[in-house]
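The values are calculated or read from the model by the stated rules, or taken from the named source; none is laboratory data. What you see is a predicted model, and the numbers here were worked out from it, not measured in a lab. Please note: Cβ atoms are built from the backbone with ideal geometry, for glycine as well, and neighbour counts cover all protein chains shown. Surface accessibility is based on the protein's heavy atoms, side chains included, excluding ligands, DNA and RNA. Shrake-Rupley method; radii C 1.70, N 1.55, O 1.52, S 1.80 Å.
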Amino acid sequence: MALEMRTRCERCEIADLPMGGPALICSYECTFCESCGRTMDYVCPNCGGELVARPRRLEES
């Protein structure tokens, strides 16, 4: 099962999160931009889990 690569921050809903760009996720795949993650002390507001760097996928050419 592959990660769902969401394209918007779930908190600010403004930040674009391209597949190859930086983003933070928890174990339930809640997805946030770096700025929001830092503001939330890297703790997911939905599940209380740790926010870590989302793996990057190579963009297809």
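Could you tell me whether the range 10-29 includes any residue that is among the hydroxyl-bearing types (Ser, Thr, Tyr) and open to solvent by 100 Å² or more (accessible area, probe 1.4 Å)?
At the first step, the residues of the range 10-29 found to be among the hydroxyl-bearing types (Ser, Thr, Tyr) are 27-28.
Now restrict to residues that are open to solvent by 100 Å² or more (accessible area, probe 1.4 Å): 27-28.
Taking every residue of the range 10-29 in turn, at least one turns out to be among the hydroxyl-bearing types (Ser, Thr, Tyr) and open to solvent by 100 Å² or more (accessible area, probe 1.4 Å).
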Legend entry - Residue under evaluation Arg38, criteria (1) open to solvent by 70 Å² or more (accessible area, probe 1.4 Å); (2) in a loop (DSSP other than H, G, I, E, B), criterion not met: (2)
Inset, instruction - Please list, ordered by first then second residue, the pairs with beta carbon atoms under 8 Å, 6 or more apart or interchain, first in the range 14-27 and among the charged types (D, E, K, R), second open to solvent by 30 Å² or more (accessible area, probe 1.4 Å) and modelled with pLDDT of 85 or more. - result: Asp16/Thr7; Asp16/Arg8
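Of all residues in the range 24-58 being of a type in the set (Gly, Ala, Ser) and under 12 Å from Arg11 (Cβ atoms), which is nearest to the chain's Cα centre (by Cα)? Walk me through it before giving the result.
Of all residues in the range 24-58, those of a type in the set (Gly, Ala, Ser) come to 27, 35, 37, 48-49, 53.
Subset that is under 12 Å from Arg11 (Cβ atoms): 35, 37.
On the way: Ser35: 11, Gly37: 8 Å.
Restricting to residues being of a type in the set (Gly, Ala, Ser) and under 12 Å from Arg11 (Cβ atoms), the top hit is Gly37.
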Inset, instruction - Consider only pairs whose beta carbons are under 9 Å apart and that are at least six residues apart or on different chains; among these, list those whose first residue lies in the range 30-46 and is on the phi > 0 side of the Ramachandran plot and whose second residue is surrounded by 14 or more Cβ atoms within 10 Å (Cβ to Cβ) and not in a helix (DSSP H, G or I). - result: Asp41/Leu51; Tyr42/Leu24; Tyr42/Leu51
Legend entry - Qualifying positions in the range 1-35 - under 12 Å from Ala53 (Cα atoms), assigned to a loop (DSSP other than H, G, I, E, B) and in contact with a helix residue (DSSP H, G or I) (Cβ under 6 Å, 6 or more places away or on another chain): Pro22
Legend entry - Arg54 vs. criteria among the charged types (D, E, K, R), open to solvent by less than 50 Å² (accessible area, probe 1.4 Å) and in contact (Cβ under 8 Å) with a residue 12 or more places away in the chain: yes
